[in-house]
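Structure, as structure tokens:
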Amino acid sequence: MLARLSLALLLLVTLPAQAAALMGFKDSAMFMSEFSRDRKELMLNYSPAVGHAFGVETMWMRGEKHTNLITNINYTGLIKRWNMPGGQANLWFMTGIGEVSGDSSGFSYSPGVQFDYETTRVYFLAKARMVRAPHIQYDTYSVQGGFSLYETSFEETQPWFVVEARTTDGMAMRNEITPALRLINQNYFLELGITNPWDSESRTPRLNLMLTF
Amino acid sequence: MKKLFVIAVLAIFTNTAFAATSIHAEVKGMVCAFCAKGINKKMREVDATKDVWVDLKNRMVVVELKDQKTMSLESFTKLIKDAGYDVASVEYINKTLLEIKADHTHTKEVK
């Protein structure tokens, strides 16, 4: 029972901050997070209109010199969406403002952009985000690519193989490569991966889940 | 009086003849089940909706309507847009969702 509860709680707090869809549909809420050795992120947003979402986020980050907790209110906007017969591409803008605590303190801001393209079989994402505060510069650049071996119906779960490469200025683990298995269903988005699997020092499991309400 | 009677009869028969059972649409950009959840959820919240079928492989959404209930194509299209997608084509069909599914399965088998 305790193990199940722990797993459920772990799933709840490990939602992917890097998923293609950064918000749900109109009048929906989305909860996302990332959980790894040097970074823990939680974000909850609400979309009052198509292409706009407002929310709160908290990021615990362990850098080369500082360890901090950043708490922001944030906005995510869809700059442009391309709905195609067999695919969808999006260009997103996101920004957060708030405060940092821990080894540094003061005002924080974190603007970023993301582009993603997805079909029922292929997936690509590129993202850049600044995370700035006094004495802090955790700027992050990442790309993801993946594929699914087969299409599924709306009721079925579709497995994907996804690889992410990410580099973050000032972080203890600057470069990360994460191969992952992603399962997408109408009710959830679950990702299981291992960061830097060939390096025993930086090898870290990653578990992501996304839910919309 | 006679004219009124004819008009009334025509109106009744016209409604019966063209009472739509389902709405069928091709949707652009609908590529993943998790992302298309909004379509399914919003369509089911509509009072006129009896059942919904989202077909990802063919980017198709079908809504079967309840008896004596209607939904305009404009309302249907707005719900799809609010979920983040575009409608390529939309039409009323005088078939139940099960019949449309059966047609679709048959077409695939023939192919």
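Per-structure values
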{"read-out": "Identity of the residue in the range A:173-200, open to solvent by less than 50 Å² (accessible area, probe 1.4 Å) and among the small types (Gly, Ala, Ser), that ends up nearest to the other protein chains (Cβ to nearest Cβ)", "value": "A:Ala180"}
{"read-out": "Qualifying residue in the range A:118-132 (condition: in contact (Cβ under 8 Å) with a residue 60 or more places away in the chain, hydrophobic (A, V, I, L, M, F, W, C), part of a strand (DSSP E or B) and open to solvent by less than 10 Å² (accessible area, probe 1.4 Å))", "value": "yes"}
{"read-out": "Top-ranked residue of the range B:66-104 - restricted to ones that are under 28 Å from A:Ala29 (Cβ atoms) and open to solvent by 70 Å² or more (accessible area, probe 1.4 Å), ranked as nearest to the other protein chains (Cβ to nearest Cβ)", "value": "B:Lys81"}
{"read-out": "Residue count, the range B:40-52 (criterion: within 14 Å of another protein chain (Cβ to nearest Cβ) and either touching a residue at least 40 places away in the same chain (Cβ under 8 Å) or part of a strand (DSSP E or B) (or both))", "value": "3"}
{"read-out": "Scan of the range A:111-165 for residues that are of a type in the set (A, V, I, L, M) and within 14 Å of chain B (Cβ to nearest Cβ), ordered by number", "value": "A:Val122, A:Leu125, A:Val162"}
{"read-out": "Scope the range A:32-72; condition within 14 Å of chain B (Cβ to nearest Cβ) and either assigned to a loop (DSSP other than H, G, I, E, B) or farther than 20 Å from A:Val131 by Cβ (or both); matching residues", "value": "A:Tyr46, A:Ser47, A:Pro48, A:Ala49, A:Val50, A:Gly51, A:His52"}
{"read-out": "Enumeration of residues in the range B:53-65 that are open to solvent by less than 10 Å² (accessible area, probe 1.4 Å) and within 10 Å of chain A (Cβ to nearest Cβ)", "value": "B:Val54, B:Leu56, B:Val61"}
{"read-out": "Given (1) free of Cβ contacts under 8 Å to residues at least 60 places away in the same chain; (2) under 20 Å from A:Phe124 (Cβ atoms), index of the condition A:Phe189 fails", "value": "(1)"}
{"read-out": "Tally, over the range A:28-55, of residues that are more than 19 Å from A:Gly77 (Cα to Cα) and surrounded by fewer than 17 Cβ atoms within 10 Å (Cβ to Cβ)", "value": "1"}
{"read-out": "Residues satisfying the stated conditions in the range A:35-83, i.e. acidic (Asp, Glu) and either more than 14 Å from the chain's Cα centre (by Cα) or more than 20 Å from A:Gln137 (Cα to Cα) (or both)", "value": "A:Asp38, A:Glu64"}
{"read-out": "A:Lys80 being within 14 Å of chain B (Cβ to nearest Cβ), at pLDDT 75 or above and either surrounded by fewer than 21 Cβ atoms within 10 Å (Cβ to Cβ) or at positive phi (or both)", "value": "yes"}
{"read-out": "Residues satisfying the stated conditions in the range B:20-39, i.e. in contact (Cβ under 8 Å) with a residue 12 or more places away in the chain and at the interface with chain A (Cβ under 7 Å from one of its Cβ atoms)", "value": "B:Lys28, B:Gly29, B:Val31, B:Cys32, B:Ala33, B:Cys35, B:Ala36, B:Gly38"}
{"read-out": "Count - residues of the range B:23-75 that are more than 25 Å from A:Gly51 (Cα to Cα) and of a type in the set (Ser, Thr, Tyr)", "value": "2"}
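The values are calculated or read from the model by the stated rules, or taken from the named source; none is laboratory data. Worth saying up front: this structure is predicted, and the values here are computed from it rather than measured. Backbone-built Cβ (ideal geometry, glycine too); neighbour counts: all protein chains shown. To get the accessible areas, we keep the full protein, side chains included, count just its heavy atoms, and leave off ligands, DNA and RNA. Shrake-Rupley method; radii C 1.70, N 1.55, O 1.52, S 1.80 Å.
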